[in-house]
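Okay, so here's the structure we're looking at.
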Amino acid sequence: MAAHHHHQKQIAIIGAGISGLLACKYALSKDFNPTVFESQNGVGGLWANTLPTTKLQTPKSLYQFADFPWPESVATHFPTHDQVLDYLQSYADHFELTKHIKFNTKVIGIEYRGVAEEEVEAWALCGGNGDVFGSRGGKWEVEVSSDGSDKTEIFVADFVILCVGKYSGVPNIPEFPNGKGPEAFQGKVIHSTQYSGLEAGESKELVEGKRVAIVGFRKHAMDIAMECSEINGKGNPCRVLYRTERWSFPDWFPPLPCLYLSRFSELLIHKPGEGILLSLLATILSPIRWGISKFVEREIKRKHPLEKHGLVPKQSFLQDVSSCLIATVPDKFFDRVEEGSIVLKKAPSFSFCKEGIKVEGGDKDENKQQQPPLEADLVILATGFKGEKKLQDIFGSKRFREIISIANLYTSEMRSRWLAELLDGKFRLPAIEKMEADAANWDVFFKEYGGESYHRSSIATVHVWYNDQLCKDMGWNPRRKNGLWAELFEPYGPTDYVSP
Ligand SMILES: Cc1cc2nc3c(=O)[nH]c(=O)nc-3n(C[C@H](O)[C@H](O)[C@H](O)COP(=O)(O)OP(=O)(O)OC[C@H]3O[C@@H](n4cnc5c(N)ncnc54)[C@H](O)[C@@H]3O)c2cc1C
């Protein structure tokens with residue numbers, strides 16, 4: 001197949017977090033002309049804006065670029081946020097990506113011009129004839145605003161790669177009935193990103209001596225609770241309101257990659273688009289899948305006093321890992337719970353009142369009588385982000401909606417390489433109908449294993465299967481290990497995909 005005239009093709013990349021850096025690097029590797037638009041003043045995405053205490057949760061061997069190892073100076077398995085940021089910055093420097101990035105430049109709108117929307121709707125093949133760049137001369141108009149100015153500019157691109165991130169940007173603020181939201185509260189309400197944007201001195205000033213309540217029980221919530229309890233001690237405990245108990249790790253559990261990132265672990269799971277044999281095998285082996293999940297749950301319960309604090313989740317570990325809902329609990333978190341400087345409280349739903357927070361539902365006994373409000377001066381909403389909202393805000397057309405999924409460094413790199421090969425003409429996309437059927441298969445998979453959190457579209461438990469599909473498209477051998485034993489039982493990771 002004839003290669004495209006790359007030097008003429010403009011690729012717009014939105015975001016310079018890990019995904020944007022990778023997309024840029026691999027677009028350059030095929031001689032394209034990429035321009036990265038980044039609203040912040042540096043690379044690294046969310047790693048440029050974390051709490052001082054945030055560390056990498058996955059060991060660095062699983063969070064590394066395939067061809068750019070961590071420097072030897074980083075000895076720990078779990079680098080701090082500034083070590084992560086330095087690593088990302090040195091990646092950008094090493095591959096000379098910075099000159100392609102327009103910093104302080106926010107993309108505020110994207111439109112496809114030159115082909116009528118009805119015609120695009122009717123296409124059976126991507127681009128009309130299967131050419132990703134389109135057969136009808138359509139172009140993307142990317143509207144950007146620089147340095148916060150009102151004046152906008154239009155950048156015309158042949159292809160747009162969205163790397164806007166799911167865990168940054170638009171905060172997810174719960175909705176409340178009239179008069180029961182933050183407006184009813186006499187204290188202060190902020191979102192966790194506002195907190196993580198503060199300097200250490202500023203956050204101390206904000207929290208010191210205040211009655212703090214944190215809503216949420218994931219990474220941000222736990223890290224912030226640690227900081228607050230450090231500042232205020234047990235005399236003035238920090239309250240953490242959570243909706244659902246989750247399986248979270250005390251530290252990295254070494255067998256985990258073998259149990260969830262190997263080919264064998266994937267044989268135990270029904271995979272999207274699998275054949276009858278694999279499906280049968282997954283059914284036969286399902287008791288092992290259940291057993292592994294129970295084993296990990298027991299290990300977590302051994303290390304954390306979950307039973308004592310009524311924190312044993314109803315759902316299985318497999319379900320939480322299938323929807324990427326596993327966080328690493330900060331060191332000594334449960335010591336703080338034991339000493340009383342962090343108080344955990346179940347709050348299936350809540351609203352605001354003048355004095356603080358009214359918890360609705362929760363502990364069965366308390367539920368029978370009206371609970372007094374939880375008095376607070378400061379409420380921090382660690383309630384996550386609305387990743388999909390970012391796309392809805394950018395796209396004029398309604399066609400492009402919830403097409404954002406969770407990414408880590410490993411998946412972002414594989415996707416970027418696959419995309420570069422696609423743009424380079426190495427392979428073509430199947431008919432749109434076929435791709436939609438495939439997406440529907442994945443949806444069935446997400447629903448089967450992710451439970452009520454299936455919309456998080458996590459591929460955590462089928463990384464190898466997912467990469468196999470990408471390898472096949474790219475013409476790479478999907479089997480990357482030496483020998484049957486290693487192929488079956490050794491965990492797969494970024495360095496297995498260094499070269500084609
Ligand atoms: C606290 C925390 C800890 C985490 N720890 C881990 C971990 O240990 N292991 C792991 O695998 N994953 C972890 N993650 C997941 C993390 O999301 C990914 O690993 C990864 O950093 C995401 O990178 P990204 O480039 O996709 O998105 P982001 O880092 O969010 O980058 C998106 C970039 O796009 C820019 N942008 C967005 N919209 C626009 C626009 N309209 N115009 C211009 N620029 C725009 C943003 O400014 C940002 O720089 C963690 C996430 C959080 C929040």
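Evaluated against (1) at pLDDT 95 or above; (2) surrounded by fewer than 19 Cβ atoms within 10 Å (Cβ to Cβ); (3) within 9 Å of the ligand (Cβ to nearest atom), residue 108 falls short on exactly one condition, (1). Return only the number of the condition from (1) surrounded by fewer than 21 Cβ atoms within 10 Å (Cβ to Cβ); (2) within 13 Å of the ligand (Cβ to nearest atom); (3) outside any helix (DSSP H, G or I); (4) at pLDDT 95 or above that residue 12 does not satisfy. Result: residue 12 fails condition (1) only.
For residue 310, the conditions (1) crowded, with 17+ Cβ neighbours inside 10 Å; (2) touching an Asp or Glu at 6+ places or on another chain (Cβ under 9 Å) are fulfilled apart from (1).
Taking (1) closer than 26 Å to residue 396 by Cα; (2) free of Cβ contacts under 8 Å to residues at least 12 places away in the same chain in turn, residue 45 satisfies each apart from (2). Scanning the stretch 191-203 for residues that are part of a helix (DSSP H, G or I) and under 28 Å from the mean Cα position of the chain (by Cα) yields 192, 193, 194, 195, 196, 200, 202, 203.
Being at pLDDT 85 or above, over 30 Å from residue 165 (Cα atoms), polar (S, T, N, Q) and more than 16 Å from the ligand (Cβ to nearest atom) narrows it down to one of 351, 341, so name that one. Of 351, 341, the one residue that is at pLDDT 85 or above, over 30 Å from residue 165 (Cα atoms), polar (S, T, N, Q) and more than 16 Å from the ligand (Cβ to nearest atom) is 341. Of all the criteria given as (1) within 14 Å of the ligand (Cβ to nearest atom); (2) surrounded by 22 or more Cβ atoms within 10 Å (Cβ to Cβ), the one not satisfied by residue 27 is (1). Remark: residue 282 falls outside the filter, which requires a residue to be touching a residue at least 40 places away in the same chain (Cβ under 8 Å), among the aliphatic types (A, V, I, L, M) and outside any loop (DSSP other than H, G, I, E, B). Does residue 49 satisfy the criteria of being touching a Gly at 6+ places or on another chain (Cβ under 9 Å) and not β-branched (Val, Ile, Thr)? Spelling it out, residue 49 is indeed touching a Gly at 6+ places or on another chain (Cβ under 9 Å) and not β-branched (Val, Ile, Thr). Residue count for the stretch 465-498 under the criterion of being closer than 19 Å to residue 422 by Cβ and among the small types (Gly, Ala, Ser): the result is 1. Return the residue satisfying two criteria in turn: it lies in the stretch 38-69 and is surrounded by fewer than 19 Cβ atoms within 10 Å (Cβ to Cβ) and of a type in the set (Gly, Ala, Ser), and of such residues it is farthest from the ligand (Cβ to nearest atom). Result: 66. Count of the stretch 70-81 residues, restricted to those that are more than 9 Å from the ligand (Cβ to nearest atom), assigned to a loop (DSSP other than H, G, I, E, B) and either polar (S, T, N, Q) or in contact (Cβ under 8 Å) with a residue 12 or more places away in the chain (or both), is 7.
Residues considered: 93, 158. Of these, the only one that is away from the ligand (no atom under 14 Å from the Cβ), crowded, with 18+ Cβ neighbours inside 10 Å and more than 30 Å from residue 490 (Cα to Cα) is 158.
Count of the stretch 169-187 residues, restricted to those that are surrounded by fewer than 20 Cβ atoms within 10 Å (Cβ to Cβ) and either under 20 Å from residue 384 (Cβ atoms) or hydrophobic (A, V, I, L, M, F, W, C) (or both), is 11. For the stretch 280-304, a residue qualifies if it is within 21 Å of residue 458 (Cβ to Cβ) and hydroxyl-bearing (Ser, Thr, Tyr), and the qualifying residues are 286, 293.
Beta carbons closer than 7 Å, at least 6 apart along the sequence or on distinct chains, pair a first residue in the stretch 250-267 that is closer than 16 Å to residue 484 by Cβ with a second that is aromatic (Phe, Trp, Tyr) and in a helix (DSSP H, G or I) for 258/489; 262/489; 264/489; 266/465.
The values are calculated or read from the model by the stated rules, or taken from the named source; none is laboratory data. Predicted model only: the values in this text are computed from it and were never measured. With ideal geometry, Cβ positions are generated from the backbone for all residues, glycine too; neighbour counts draw on all protein chains shown.
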